[in-house]
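Everything below concerns the one structure shown next.
Laboratory data are not the source of any read-out in this text; all were calculated from the coordinates shown. Note that the coordinates shown come from a computational prediction; the quantities given were computed from them, not determined experimentally. As a convention, Cβ positions derive from the backbone with ideal geometry for all residues, glycine included, and neighbour counts pool all protein chains shown.
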Amino acid sequence: MIEICTVGGYSEVGKNMTAIKYQDEVVLLDMGLQVDKYISAKDENDDDIIDAKELARQGALPDETLIKDWKKKVLAIIPTHAHLDHLGAIPFMASKYDAEILCTQFSANVLKRLISEKANKFSNKITTLAVNSVYQLSENIRIEFINSTHSTPQTVMVLVQTPEGSVLYCNDFKLDNNPVIGDKPNYRRLNELGAKKEVKLLIMDALYSNLERKTPSESIAREMLREVMLGVSSKDKAVIVTTFSSHIARLKSIVDFGKKMKRKIVFLGRSLAKYTEAAEECGIVNFSDDVEICGWSSKVRKKLKEIEKQGNREKYLIVATGHQGEPNAVLSKIVKGKLRFRLFSEDHVIFSCGVIPNPVNIAQRQILEDEFKKHKVRIFKDIHQSGHASREDHRDLINMVRPEHIIPSHGDFSKTSHLMSLAQELGYQPGKTVHLMQDGQRLSI
Ligand SMILES: [Zn+2]
């Protein structure tokens, strides 16, 4: 018998964490933050270092009391990728467990930076595992990382193999056949799992299971960027682009086209510097050859002042943090005149992202766009494709893997019920072979 506790990310979008127990051993898949609550807790405390108790009180961390009885049995904490809603709680929570962290090299590089910023003491061992390789965690549990695609490098599907069958955890994935960085998903292995009927349970990111489509490839987002960066004249104009700092493939496209525009490329903002360093450290990209990276705000300020002084803003491509309108990010500071960089009529700002649909983000982004409009800046928005699968990808993955049971993840019923209806269409039975879970519920199979 395998027991599952859906700890976090099943009653909300965020703070992902799932516990898998076999006999006396437990692995934790993901340990993520509820990012909006984390940011508001941080702002309230006006401090970069806030303690875990305060974050837990504000609901920014997965509720580990739900698995109190399993605490001593945890062998490993396994984040699937480097997004904060999957590994951001590790610096605050992991040290309470006598468990190693098992992740890919890029995730480890990001994690180390988060730990040095946020954790006071941290003693868990971090073991890195390459994509498409296996790790014998104990006599009974073997972990396999299957290459997947998403919106940050080295995202994996995690296969937890036990003597009584396997759990396949695909929490954040898309099926991208033309990724800009890395390989397409390991379909060979997924088909093999299906052919052998090896997967007892598939836990699957259901976020966009209501969208009747296949999520377009990252290479489509690259073409959208090509159109606005190379196909629209920006002669004599400032050009500013913003995107997710963890989206290294998107940044690569931006850098590639920036070079074709024959502009000097500058990255402005701490998170851009942090994720770029993490990616360069494991050889995914080498932006530093072509890009001047200014992380700390003093450097950002100095660089923009220098451009103003030289009077050659049309020779630069500025890549800035703050695509969701975050008040403390570079983009908001530029538009509010806090960095003394002037904006003129028909300068370009390119949003290579969507708006994350929560009330705070929607409001902040609107404020940002209104400010740009005051300066009569040209706005190019939604130059973007999602990193999350849609309904027809879900169908393909289910048909490939042919699991015995399915648990939809990455949201409350408003998200997961759509995947349940698809599973029903494919012959699964609600409550018997497809299970809608909430935070804190348990299932034995
Ligand atoms: Zn993600």
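Here are the numbers for the structure shown:
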read-out	value
For the stretch 408-414, Karplus couplings with θ = phi - 60° (6.51, -1.76, 1.60), whole Hz, Gly/Pro x	x, 10, 6, x, 7, 4, 4
Kirkwood-Stokes translational diffusion coefficient of the stretch 377-445, alpha-carbon pairs, 25 °C, 0.890 mPa s, µm²/s	178 µm²/s
Reachable aspartates and glutamates, given that their alpha-carbon falls under 15 Å from the alpha-carbon of K42 and they are not under 8 places away in the same chain	D51, E54, E117, E326
Filter on K252/K309; K264/K302; K184/K415 - keep pairs with C-alpha separation over 18 Å	K252/K309; K184/K415
Hydrodynamic radius of the stretch 258-376 per Kirkwood, over alpha carbon pairs, in Å	15.1 Å
Cα centroid of the stretch 251-274 to Cα centroid of the stretch 326-369, whole Å	17 Å
Residue with peak Gaussian network fluctuation, the chain [Cα springs, cutoff 10 Å], from E404, E277, E425	E425
Karplus-derived HN-Hα couplings along the stretch 275-292 (A = 6.51, B = -1.76, C = 1.60, θ = phi - 60°), whole Hz, x at Gly and Pro	6, 5, 4, 4, 6, 5, 4, 10, x, 6, 9, 9, 5, 4, 5, 10, 10, 8
Proximal aspartates and glutamates relative to K259, as straight alpha-carbon distance under 12 Å, when same-chain residues fewer than 8 apart are discounted	D289, D290
Acute angle (nearest 10 degrees) that the helix 297-310 long axis makes with the longest principal axis of the chain, alpha-carbon atoms	30 degrees
Selected from P359, A278, S219, residue furthest toward positive end of dipole (the stretch 218-380; charges at beta carbon)	P359
Sequence-separation-based contact order of the stretch 330-398, relative, with Cα cut under 8 Å and 6+ spacing, percent	39 percent
Those trypsin sites (Lys or Arg not before Pro) in the stretch 378-436 that DSSP places in a loop and that have at most 10 other beta carbons within 10 Å	K432
C-alpha center-to-center spacing [the stretch 119-141, the stretch 411-445] in angstrom	29 Å
Within the chain, longest stretch clear of exposed chymotrypsin sites (Phe, Trp or Tyr not before Pro) (DSSP loop, no more than 14 other Cβ within 10 Å)	1-295
Charged-residue dipole, Cβ positions (Lys, Arg, Asp, Glu), the chain about Cα centre, Debye nearest 20	1600 debye
Placed amide H near M204: partners under 5 Å, 5+ positions off or other chain	C170, I407, S409
Residue order, fewest to most surrounding Cβ atoms within 10 angstrom, among D172, D63	D63, D172
Mean projected area in nm² (Cα convex hull; one quarter of hull surface) for the chain	19.8 nm²
Most mobile of G258, G14, G283 in a GNM of the chain (Cα contacts under 10 Å)	G283
Tilt relative to the chain, helix 218-230 - C-alpha long axis, 0 to 90 degrees, to 10	0 degrees
Residue-averaged 222 nm ellipticity for the chain, from DSSP H runs of 4+ at -39500 (n - 2.57), nearest 500	-10000 deg cm²/dmol
Cut-off under 5 Å, modelled amide H: who pairs with C353 long-range	D382, I383
Residues with amide H under 5 Å from that of D347, placed H, sequence gap 5 or more	R378
Phi-based couplings in Hz for the stretch 359-370 (Karplus 6.51, -1.76, 1.60; Gly and Pro marked x)	x, 5, 4, 4, 5, 5, 5, 4, 4, 4, 5, 4
Debye, to nearest 20: dipole size of the stretch 218-380, +1 on Lys, Arg Cβ, -1 on Asp, Glu Cβ	720 debye
Straight-distance crosslink candidates among aspartates and glutamates, where the alpha carbon sits under 20 Å from K197 and sequence neighbours closer than 8 are dropped	E3, E144, E164, D393, D396, E404, E425
Three-way shape call for the stretch 96-230 based on the alpha-carbon gyration tensor, with the a/c threshold at 1.5	oblate
